[in-house]
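One structure is given below, encoded as structure tokens.
The values are calculated or read from the model by the stated rules, or taken from the named source; none is laboratory data. Computed from a predicted structure; not experimentally measured. With ideal geometry, Cβ positions are generated from the backbone for all residues, glycine too; neighbour counts draw on all protein chains shown. Please note that ligands, DNA and RNA were not included when accessible areas were found on the heavy atoms of the full protein model with its side chains. Shrake-Rupley method; radii C 1.70, N 1.55, O 1.52, S 1.80 Å.
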Amino acid sequence: DAFLRALGLVEPIEGSSQYRGWQMRLDRPATIQATGRPAPTPGAQYRPNELPVTDIEKWMRDPYVLYARRILKLRPLDPLDQNADAADLGNLFHGILDRFLKDTPLPLPHDAEARLLTIGEQEFALHMARPAVWAFWWPRFRQMAGWFIAEMRAREDGLAAVATESTGSLTIDSVSPPFKLTAKADRLDVLRDGRLTIIDYKTGKPPNPRDVILGFSPQLPLEAAIASQGGFDKVPIAAVAALEFWHLKGGRSGAAVIPVKDPENKAPADPMTLAVGAYQGLKDLVAHFSRDDAAYIAEPRGDFGLTYNDYEHLARYDEWSNEDEA
């Protein structure tokens, strides 16, 4: 009432019937227009010309996310009081292992585990102000460190070299303008027979093998495609012998090696077959979005949507996700 009087807009009315009427009109509009699944078509000129391998999964599973992030250039803001999260844990573990492997020659010295723990202590010390890091992450790292050294010792006789945080790229020239795929591989093990094992460290849950085989989690197969074309720095052109996720989870087991396997027969999948399929799939994807009428549809395949989606609210998912059930 005081606000309306000050503006001279409405003389306050005894009773609340008018205000309730306004409220009802807000909640019960005269007409309702259904919101459909977003499918913006910005045109071929806005098709990204360069993406990292980690964004190809987003492009395949939910093109709208790529539209919001890479074309509209929208970025989520972290809460001011955000605690340490899984991404921080992953970056911390990655950095420690990268530093250890760069500083420690093969074959590993007898005190390799002590060296790894010393590097870990130095890196963790930078996070002393975050109690959760010391209370929960440091014990997990200590558990993982012993497993990591044992796994390295079991493999080192067959290793010629280990390359960590290797950057690489390949270019698709069949579209205009050309498209460049970039990557930073956690680890490339150069075997004594000249082939490679491509390893991706995961502190969280690794991708479902079915999704890797079907191409919805194409990071490692695309890195294999880059390697097979000699696209990684300081790593010779080579065939790929294996694709592996190292689940650095801590706990009693410390960690686990999870090779990419065929979900049907449980045998290790052929990395070069996956690389060829992933590369062709990427070429088809880029060619499709090089058309003016290509739509960046939100979650076109519901069963293969992203596990974590910062843009779901912008796509107004709750307003149209049940449209097929209506």
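The table below lists the values:
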{"quantity": "Unit charges on C-beta of K, R, D, E only; dipole of the chain, Debye", "calculated": "320 debye"}
{"quantity": "At 1.306 mPa s and 10 °C, Stokes diffusion of the stretch 65-141 via Kirkwood alpha-carbon radius, µm² per second", "calculated": "107 µm²/s"}
{"quantity": "More than 17 Å apart - percent of Cα-Cα pairs taken over the stretch 154-196", "calculated": "50 percent"}
{"quantity": "0 to 90° range, to nearest 10: angle between helix 17-27 axis and the chain longest Cα axis", "calculated": "40 degrees"}
{"quantity": "In Hz, Karplus ³J(HN,Hα) per residue of the stretch 241-255 (6.51, -1.76, 1.60; θ = phi - 60°; x = Gly, Pro)", "calculated": "8, 7, 10, 9, 9, 9, 7, 8, 8, x, x, 4, 7, x, 5"}
{"quantity": "Distance (nanometres) between label positions extended 7 Å along Cα→Cβ at Tyr46 and His110", "calculated": "6.4 nm"}
{"quantity": "Inter-label distance for Asn265 and Ile237, nm, one decimal - labels placed 7 Å from Cα along Cα-to-Cβ", "calculated": "3.0 nm"}
{"quantity": "Sites Asn208 and His288, calculated FRET efficiency, Cβ-Cβ separation with R0 35 Å, nearest 0.05", "calculated": "0.90"}
{"quantity": "Shape parameters for the stretch 87-207, alpha-carbon atoms, Rg then Dmax in Å", "calculated": "17.0, 54"}
{"quantity": "In sequence order, calculated HN-Hα J values of the stretch 289-304 (Karplus, 6.51, -1.76, 1.60; Hz; x Gly/Pro)", "calculated": "7, 8, 9, 5, 8, 5, 9, 8, 6, 7, 6, x, 10, x, 5, 10"}
{"quantity": "With eigenvalues of the C-alpha gyration tensor scaled by 5 and rooted, the stretch 20-116, Å", "calculated": "48, 23, 10"}
{"quantity": "Quotient of Cα Rg and 2.2 N^0.38 Å for the stretch 261-326, N being how many residues it contains", "calculated": "1.53"}
{"quantity": "Distance between modelled label sites at Leu4 and Ala256, nm, 7 Å Cα→Cβ extension", "calculated": "6.5 nm"}
{"quantity": "Potential lengthening between Asp193 and Arg153 on full extension [0.36 nm per residue; Cα-Cα distance subtracted]", "calculated": "12.6 nm"}
{"quantity": "Ordering of 91-97, 202-208 by burial proxy (mean other Cβ atoms within 10 Å per residue, highest first)", "calculated": "91-97, 202-208"}
{"quantity": "Whole-number accessible area per residue in Å² for the stretch 162-233, which is evaluated in the context of all protein chains at 1.4 Å", "calculated": "37 Å²"}
{"quantity": "Calculated log₁₀ intensity ratio I(q)/I(0) where the Debye formula runs over C-alpha points of the chain, q = 0.11, 0.12 Å⁻¹", "calculated": "-0.83, -0.95"}
{"quantity": "Förster radius 25 Å - calculated FRET efficiency between Asn322 and Ile71, Cβ distance, rounded to 0.05", "calculated": "0.35"}
{"quantity": "Semi-axes of the equivalent ellipsoid for the stretch 1-70, Cα gyration tensor, largest first, Å", "calculated": "50, 16, 11"}
{"quantity": "The chain - share of DSSP beta bridges that are antiparallel (%, nearest 5)", "calculated": "70 percent"}
{"quantity": "Rg/Rg_ref, the stretch 172-264, where Rg_ref = 2.2 N^0.38 Å and atoms are Cα", "calculated": "1.19"}
{"quantity": "Whole-number D in µm² s⁻¹ for the stretch 146-300, Kirkwood Cα-pair radius fed into Stokes-Einstein, 10 °C, 1.306 mPa s", "calculated": "95 µm²/s"}
{"quantity": "Cut-off of 10 Å, at most 13 other beta carbons, DSSP loop: longest stretch of the chain lacking such GluC sites (Glu not before Pro)", "calculated": "15-263"}
{"quantity": "On Cα atoms only, tilt of 112-124 relative to the major axis of the chain in degrees", "calculated": "30 degrees"}
{"quantity": "Mean Cβ count within 10 Å, highest first, over the residues of peptides 139-147, 20-28, 281-289", "calculated": "139-147, 281-289, 20-28"}
{"quantity": "Rounded percent of accessible protein surface that carbon and sulfur make up, the chain, 1.4 Å probe", "calculated": "51 percent"}
